[in-house]
Amino acid sequence: MDYTTLGRTGMRVSVAGLGCGGFSRLGLGTSGSEEGAVTIVHQAIELGVNLFDTAAAYGTEAVLGKAIKSVPRDSVVICTKAPFSWSSGRADPDGIVASLDGSLGQLDTDYIDVYQLHGVPPSNYGHALEQLAPVLLRERDKGKFRFLGITETAPHDLQHEALHRAAKDQVWDVVMVGFSMVHQNARERVFPLTRENKIGTLLMFAVRNIFSQPGKLAETMRALAAEGQVLASLADGEDPLGPLGFLVHEDGASSVVDAAYRYVRHEPGVDVVLFGTGSPSHLKTNIESLLKPPLPEADHRKLGELFGHLVGVGLDAPHLSSPRPRL
């Protein structure tokens, strides 16, 4: 495993972080068992992963808390998020303390490493900064969590407006941002600011369905070509490996998914790439991709030429609800 420093937090974290939400939810989202979810966490730890990202909305805080009982608490970095309701701009700020305490209880831990506001839209950023952050910082000073973070609502904030503002404030230690081969604008909108201000970054939406589901990429390219947003050749179906088959070659990527992970992993400004899975084999191959060298320069440059202008492509998100299921 490779490790890096998560911005000004000073924490040494694995460049591969296991996301406990998404479509898989450690396998619980695909009819897996709690035992299987615990096993995935244990296998990730054995492979060197030390950062785990969950949320109240995912329903995986309790199973993650159970899984990490097998290792010293200070050997892992636990990130979780407040319920979505606290990002609405209407909730009573004092009530967020109960949510924080709820997460501590679900995780069965004395402290959380990074506590994040979840999916804050640009219209509610002022509320997050002025009303919620001061309350949370008081709880931080009591030792309930170590660092404060904020995540964007990527499918509804295509220009990263919330993080563009957050990265210039001195309140947030960590941000979570969407970035991929077909949604590249964080390179200009977010990363220069996070690097300048030493804010840690957690990367989401590196793969999702557009690269992992057969046919989804081709379907998307056909739609974009019909709108004149990409070259018609990307939709002609002539390459048996699909629209991005040019990335797969002896000196390049082993697959489009491999390319997707390597593309984001080596972007200046990216600290940790999050991925989710309930499959031991996918766990291993995803980590292997994140530990490979950057894509060949020619391939990287071509991705910029083909897709650098696109915004909001591939940002499909699962539908999550706030209640925590019983485990």
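Filtered by the rule that a residue be open to solvent by 10 Å² or more (accessible area, probe 1.4 Å) and either out of contact with any helix residue (DSSP H, G or I) (no Cβ under 7 Å at 6 or more places or on another chain) or of a type in the set (D, E, K, R) (or both), segment 154-179 gives Pro155, His156, Leu158, Glu161, Arg165, Lys168, Asp169, Gln170, Asp173. Taken together, Glu46, Glu61 contain a single residue that is open to solvent by 10 Å² or more (accessible area, probe 1.4 Å) and of a type outside the set (A, V, I, L, M, F, W, C), which is Glu46.
When you look at Leu217, is it in contact with a Pro (Cβ under 9 Å, 6 or more places away or on another chain) and open to solvent by 10 Å² or more (accessible area, probe 1.4 Å), yes or no? Spelling it out, Leu217 is indeed in contact with a Pro (Cβ under 9 Å, 6 or more places away or on another chain) and open to solvent by 10 Å² or more (accessible area, probe 1.4 Å). For Met204, the criteria (1) free of Cβ contacts under 8 Å to residues at least 40 places away in the same chain; (2) under 18 Å from Val114 (Cβ atoms); (3) under 16 Å from the mean Cα position of the chain (by Cα); (4) open to solvent by 10 Å² or more (accessible area, probe 1.4 Å) hold in every case but one, which is (1). Scanning segment 10-28 for residues that are buried (at least 19 other Cβ atoms within 10 Å of the Cβ), of a type in the set (Gly, Ala, Ser) and more than 13 Å from Ser75 (Cα to Cα) yields Ala16, Gly17, Gly19, Gly21, Gly22, Ser24, Gly27. Among residues that are at positive phi and touching a strand residue (DSSP E or B) at 6+ places or on another chain (Cβ under 8 Å), Arg208 is included.
When segment 222-247 is filtered for residues that are out of contact with any helix residue (DSSP H, G or I) (no Cβ under 7 Å at 6 or more places or on another chain), within 17 Å of Phe211 (Cα to Cα) and either free of Cβ contacts under 8 Å to residues at least 12 places away in the same chain or surrounded by fewer than 12 Cβ atoms within 10 Å (Cβ to Cβ) (or both), the ones remaining, listed by number, are Ala223, Pro240, Gly245.
Scanning segment 38-81 for residues that are modelled with pLDDT under 95 and more than 27 Å from Trp172 (Cα to Cα) gives a single hit, Ser70.
The values are calculated or read from the model by the stated rules, or taken from the named source; none is laboratory data. All values reported here derive from a predicted model rather than from experimental measurement. Here Cβ is always computed from backbone atoms with ideal geometry, including for glycine, and neighbour counts include all displayed protein chains. Side chains included, ligands, DNA and RNA excluded: accessible areas come from the protein's heavy atoms. Shrake-Rupley method; radii C 1.70, N 1.55, O 1.52, S 1.80 Å.
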